[in-house]
Amino acid sequence: MSKISRTILASAIAAGCVMTAGAAATVTAKGVDYKDVADMLIAVMVADRTVYTKKVVQRLAAKEKVVKASEHFDDDKALPLPAQMFRFGAEAVADKTDKFSYSLLSMWPINKQNAPRTKVEKEGLKFVAENKGKNFYGEEELGGKKYYTAVYADVAVAKVCASCHNEHKDTPRKDFKVGDVMGGVVIRIPMAN
C-alpha cells in the first residue's frame with residue numbers, strides 16, 4: 001500500500017467514514033475497499049498472535065520452562081493460550097466498535113463453539129485449508145444485515161501450536177505440524193444496504 005493510500009485510510013478512519021456497498025465495495029469517497037481493510041486487519045492480528053506465540057509461549061513455556069501455558073490459566077497461574085489471547089482481543093474489540101468483528105474458527109475445533117456455523121464460514125475454512133497461501137472473500141447476510149466476510153488461514157507458526165492441539169483431550173485431529181492450517185480467522189465488516 002502506498003504512502004498516499006495509508007494517509008487516505010488514516011484520514012477515513014479518523015473521520016469515521018461509513019462503509020458503503022458499491023461495485024468496488026469502497027469506503028465513502030476514500031477508495032479503500034473492504035478486501036484491503038480486511039487484509040490490513042489480518043496483518044496486525046497475525047503479527048500480534050505470532051509474536052505472542054513465539055516470543056512468549058514458545059520461549060517461556062516450551063523452551064525455558066519458567067511458566068506454563070494453559071487453557072485453565074487462572075486456576076493454573078499460567079499464561080493464556082494464543083487462541084485465548086486472540087479471543088480476548090476479539091471480545092475487547094466487540095465491546096468498543098461495531099465496525100468489524102473477528103473470530104478464530106476451525107473445521108477441527110477443540111472447543112465446539114469454534115466450529116463454523118454459516119455457509120460462508122464453512123466454505124472459507126475449507127478453501128483456506130485446501131489452497132495454501134490463498135484467502136477467501138465473500139458476502140453474507142446475517143440477521144437482516146449484509147457483511148463482507150474474509151477468511152484467512154490460521155497456521156501453526158510454532159511447535160507449541162501443533163503439540164497443544166495434537167495432545168488436547170478433546171481434539172478431533174492429532175496430526176498437526178508446524179506450517180499446517182489449523183483453522184481460520186474470520187473477519188466481518190458490515191456493508192451498507
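For residues in segment 64-85 being assigned to a helix (DSSP H, G or I), among the hydrophobic types (A, V, I, L, M, F, W, C) and more than 15 Å from Ala162 (Cα to Cα), which is modelled with the highest pLDDT?
The first filter runs over segment 64-85 and keeps only residues assigned to a helix (DSSP H, G or I), leaving 73-76, 82-85.
Filter once more, keeping what is among the hydrophobic types (A, V, I, L, M, F, W, C): 73, 83, 85.
Cutting the leftovers down to more than 15 Å from Ala162 (Cα to Cα) gives us 73, 85.
Numbers: Phe73: 87, Met85: 93.
Out of the qualifying residues, it is Met85.
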Kindly provide the set of residues from segment 165-177 that are open to solvent by less than 50 Å² (accessible area, probe 1.4 Å) and part of a loop (DSSP other than H, G, I, E, B), ordered by number.
-> His168, Thr171, Phe176
Candidate set from segment 64-86 (those that are of a type in the set (A, V, I, L, M, F, W, C) and in contact with a Leu (Cβ under 8 Å, 6 or more places away or on another chain)); member that is most open to solvent (accessible area, probe 1.4 Å) = Val66
Taking segment 91-117 and keeping only residues that are open to solvent by less than 40 Å² (accessible area, probe 1.4 Å) and more than 14 Å from Val185 (Cα to Cα), one is left with Val93, Ile110
Quick count over segment 143-164, residues being touching a residue at least 24 places away in the same chain (Cβ under 8 Å) and open to solvent by less than 20 Å² (accessible area, probe 1.4 Å), is 6
Which number in (1) open to solvent by less than 50 Å² (accessible area, probe 1.4 Å); (2) modelled with pLDDT under 90; (3) assigned to a loop (DSSP other than H, G, I, E, B) marks the one condition that Ala61 misses?
-> (3)
Could you please find all residues in segment 165-189 being without any contact (Cβ under 8 Å) to a residue 24 or more places away in the chain and farther than 19 Å from Gln58 by Cβ?
-> Lys169, Lys174, Asp175
All positions within segment 115-164 that are part of a helix (DSSP H, G or I) and at pLDDT 95 or above | Lys119, Val120, Glu121, Lys122, Glu123, Gly124, Leu125, Lys126, Phe127, Val128, Ala129, Glu130
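The values are calculated or read from the model by the stated rules, or taken from the named source; none is laboratory data. This structure is a prediction, so every number in the text was calculated from the model and none was measured. Because the Cβ atoms are built from the backbone with ideal geometry, glycine has one as well, and the counts that use them run over all protein chains shown. Protein only, heavy atoms only, side chains kept; ligands, DNA and RNA dropped before computing areas. Shrake-Rupley method; radii C 1.70, N 1.55, O 1.52, S 1.80 Å.
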